[in-house]
Amino acid sequence: MDIVYITELKIDCVIGLWERERRMRQSVFLDLEMATDVARAAATDQLADAIDYKAVSKRIQEFVRGSEFHLVETLAEGVAAILLQEFEVPWCRVRLNKRGALRGAHDVGVEIERGTRPGA
């Protein structure tokens, strides 16, 4: 199994339970890992045979910016569903964090894995 990844994708959105959180956009940071087999893309050197990480980034940004979830868990599940369904990856890992959301901590968030790891 090979992995295509995107790290620290910063996106502003409405996220949170509290009134003050709902009144303003906050930054969330996403790390995405997507299982794939890069052998064909490496052999052909053609984007059509690879995961287009620019397209992934644009689609995830569009989804997150338009969302207004209360929980980071719900947002992470939505992102994972897009990766699995729209980009047809068999497995993904989504790490989503809200920096500064908890006093005394650098960040808080959630990390989920969805799908089936190839070879598992």
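Readers should treat all values here as calculations from the given coordinates under stated rules, not as data from a laboratory. Everything numeric in this text was worked out from a predicted model, so none of it was measured. Here Cβ is always computed from backbone atoms with ideal geometry, including for glycine, and neighbour counts include all displayed protein chains.
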If we keep only residues of the stretch 67-83 that are surrounded by fewer than 16 Cβ atoms within 10 Å (Cβ to Cβ) and among the hydrophobic types (A, V, I, L, M, F, W, C), then the residue farthest from LEU32 (Cα to Cα) is LEU71
List the number of the failed condition for VAL64; all other conditions in (1) out of contact with any Asp or Glu (no Cβ under 9 Å at 6 or more places or on another chain); (2) of a type outside the set (Phe, Trp, Tyr); (3) buried (at least 21 other Cβ atoms within 10 Å of the Cβ) hold. (1)
Can you confirm whether THR44 is over 15 Å from the mean Cα position of the chain (by Cα) and crowded, with 18+ Cβ neighbours inside 10 Å? no
Name the residues in the stretch 1-53 that are small (Gly, Ala, Ser) and either in contact with a helix residue (DSSP H, G or I) (Cβ under 6 Å, 6 or more places away or on another chain) or not in a loop (DSSP other than H, G, I, E, B) (or both), would you? SER27, ALA35, ALA39, ALA41, ALA42, ALA43, ALA48, ALA50
